[in-house]
Amino acid sequence: DPNKSTVVIDPGHGGERTGAVYPDAWGNDILEKDLALSMSLKLRELLIAAGYNVVMTREDDRDVDLYERADIANAVEADLFVSVHCNASGTVPEFQGIYTYHHPESQRGARLAEAIQLPLCQLTGAIDRGIKDADFVVLRETEMCAVLVETGFMSNAEELAKLCDGGYQS
């Protein structure tokens, strides 16, 4: 029942922590923190429209400590936690695609990653880089089912252009 479920959306980075920074086709620096926030706000609206309760770890450009992000989710007793990021490869600019991470000890996280990865790749047409496990703070310290989605590679000019497109983000 969506009306009884709370989803915490965690736009990666923020404030002084920009995340990856790459120039677009016009030479403007694109910051991961801005893309993550934009995608997260769109996701929030979709989930609210579907009847879910949504809590954001940040709604603007501010720094939120990794442990504080987990604390926010734990405090509201969320059912799901989704951290939104963009990837980058400093050595292979051709690299593209989406990864979804879960904590290695979370079977529920693995199932949520599976439920997100394939449909997200199908909807966007992005390369499916697979599901991975990782001991990230936001996955380890959250008490609920949690995933971190790397939505694409900013280091790839073609994929960066897509990540900057509002329609693609939706």
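The values are calculated or read from the model by the stated rules, or taken from the named source; none is laboratory data. Every value quoted in this text rests on a predicted model; they were computed, and no experiment measured them. Reconstructed Cβ throughout: ideal geometry from the backbone, glycine too, with neighbour counts over all protein chains shown. The protein model used for the area step is the full one, side chains on, heavy atoms only, and it has no ligands, DNA or RNA in it. Shrake-Rupley method; radii C 1.70, N 1.55, O 1.52, S 1.80 Å.
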Only one of (1) free of Cβ contacts under 8 Å to residues at least 40 places away in the same chain; (2) out of contact with any Leu (no Cβ under 9 Å at 6 or more places or on another chain); (3) under 19 Å from PHE136 (Cα atoms) does not apply to TRP26, and that is (3)
Which members of the range 108-145 meet the condition of being aromatic (Phe, Trp, Tyr) and open to solvent by less than 70 Å² (accessible area, probe 1.4 Å)?
none
Could you please let me know if GLU105 is open to solvent by 20 Å² or more (accessible area, probe 1.4 Å), free of Cβ contacts under 8 Å to residues at least 12 places away in the same chain and over 16 Å from the mean Cα position of the chain (by Cα)?
yes
Name the residues in the range 72-101 that are hydroxyl-bearing (Ser, Thr, Tyr) and open to solvent by less than 80 Å² (accessible area, probe 1.4 Å), would you?
SER83, SER89, TYR99, THR100, TYR101
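Yes/no matrix, rows are residues, columns are (1) within 20 Å of GLY167 (Cβ to Cβ); (2) surrounded by 19 or more Cβ atoms within 10 Å (Cβ to Cβ); (3) at pLDDT 95 or above:
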site	(1), (2), (3)
PRO23	no, no, yes
GLU45	yes, no, yes
GLY51	no, no, yes
VAL55	no, no, yes
ALA70	no, yes, yes
Test for ALA75: is it aliphatic (A, V, I, L, M) and without any contact (Cβ under 8 Å) to a residue 12 or more places away in the chain:
yes
